[in-house]
Structures are given as structure tokens and as C-alpha cells.
């Protein structure tokens, strides 16, 4: 197979729907194609994250019990014989109380729905961020373990940036001045969330760094720093761009590089205005 695997084939591979012959051909192609291997890995991670995000949140038992208790109490009071005459003689008073109870119930239900929606959003965001961290970790480790050089090998930002023209649907800037003992080694075209992104390769001393640059999703989270299997993963943004840096270097030095890349996007944002 000389061509890349189609998105349909990658989806079928992730779902385990390929027959024996097609599976053998796909595995043979993946053995020699890092781009399709990355795409297949992303499809598997996306499938797993989607399955976890599909779990519905239900209101906690104590909230359900409280609502049912309020409804039962209201029904019990309305049926008591000694209260019927009072209800007839002071209907406006009980009407007011009935509306008040309904308002309380409506408020409780509305609060429960808001809490449920916020919890689901937080859960989905957490699942998506966990999948993103795993994805950049896998790609960074694959880059470290691979024997192939970067797709573009250069320490010149004026060579690396133009190389991506026509390959990704956005543009970005590279910093002119890098932190001490930091060098640009080159770049790769990679994929995150099944979208083409730029993988910038840096060295900080003897430590290798990958910085993935992509378009920022509408639900993108704020800046974050997490540890994953001995690596530091820093998620940060600048305007319409999202960057994820990963390395085993000291987090403070990784933050210096992230800050330089973020500041470099100022000129890029002005060009798009």
C-alpha cells in the first residue's frame, strides 16, 4: 500500500471492523508509515474518550429524596380533613402557599439541572484533556524513539514556518529570541484530534521538547500543567491558537519556552485583524 490509509479505513481499524485481508494490509502499511500510525492511535483514543464522555450524570440520591419528601408533604397536607375547611375559608392564603411551594420546587429542579449540566461539562472537559495529554505523550515518545529525522530539519525559524504553508489551515509565529540554552531543531506535520497540527521540536540543554500548535477549540480549557509518566505536559494558548508542550525538562524552563512562543503570536494576531 503506497497511499495513506483513508479516514474510513482508520475508523474501521479502531472499531475492529476490518476483515482478515484488509487488517493484514493495514498492519503492513502502519509498520512503515508514521503518519497513519499517528492517525490510527488518535482514532483509538478518540473512541475511548467518547465512550467515557457518554456516561450520563444523574442527580445525587439525597437531592431526589428531598424533592420527593417536599411533594409528599404538600399532598398530605391537602388531604387532611381538619384542613379542608381552612382551605375553603382562606383559599387565597393556601393558594399563595401552593404557588410558593411550586416556586421552590421549580427552583430546586432548575438548580439540579444547572449542576448536572456543569458537572457533565466538567467531566467531558476532563476526559478530553486526559485524552489530549495521552495523545501528545504518545507522539512525543514516538518522536524520541524513532530513528527518522524531523520532516524539516532547521534551526532557522524563517525556514520552519514557511514549510507548513498549505499543510495546516492556520498560521503561527516562532520566537526570534529563545531562552538560554534552547535551540530549534526542526518540525513535523502531526495530527491531534484528527486535525493537522505543527509539531515543533526544540532542545533545552540535553532535554528534547515537543510543542504542538493547533487551532484552539471553542471549548478549550485554560492554561494547565500536569505530569504524565515522568513528563511535564503544559497546555497554553494565544489568541486562536492552542499549544501543548511536553518534555522531561524542569517545568520552569519549559514555561520559559512556552512564554516565548506565546509572546511571538502577538504579531501573528495583528496580521489577522
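What follows is calculated from the coordinates using simple rules that are stated; it is not laboratory data. Computed from a predicted model, the values in this text were never measured in an experiment. Here the Cβ positions follow ideal geometry from the backbone for every residue, glycine too, while neighbour counts run over all protein chains shown.
Tabulated results
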item	result
Net lengthening on full extension, residue 163/residue 21 (0.36 nm per residue, minus Cα-Cα)	47.4 nm
FRET efficiency estimate (nearest 0.05) - Cβ-Cβ, residue 155 to residue 194, R0 30 angstrom	0.45
Equivalent ellipsoid semi-axes - Cα gyration tensor, the stretch 173-236, angstrom	21, 16, 12
Computed label-point distance, nm, for sites residue 66 and residue 228 using a 7 Å Cα→Cβ extension	3.8 nm
For the stretch 147-271: Kirkwood Rh in Å [reciprocal of mean 1/r, alpha carbons]	14.6 Å
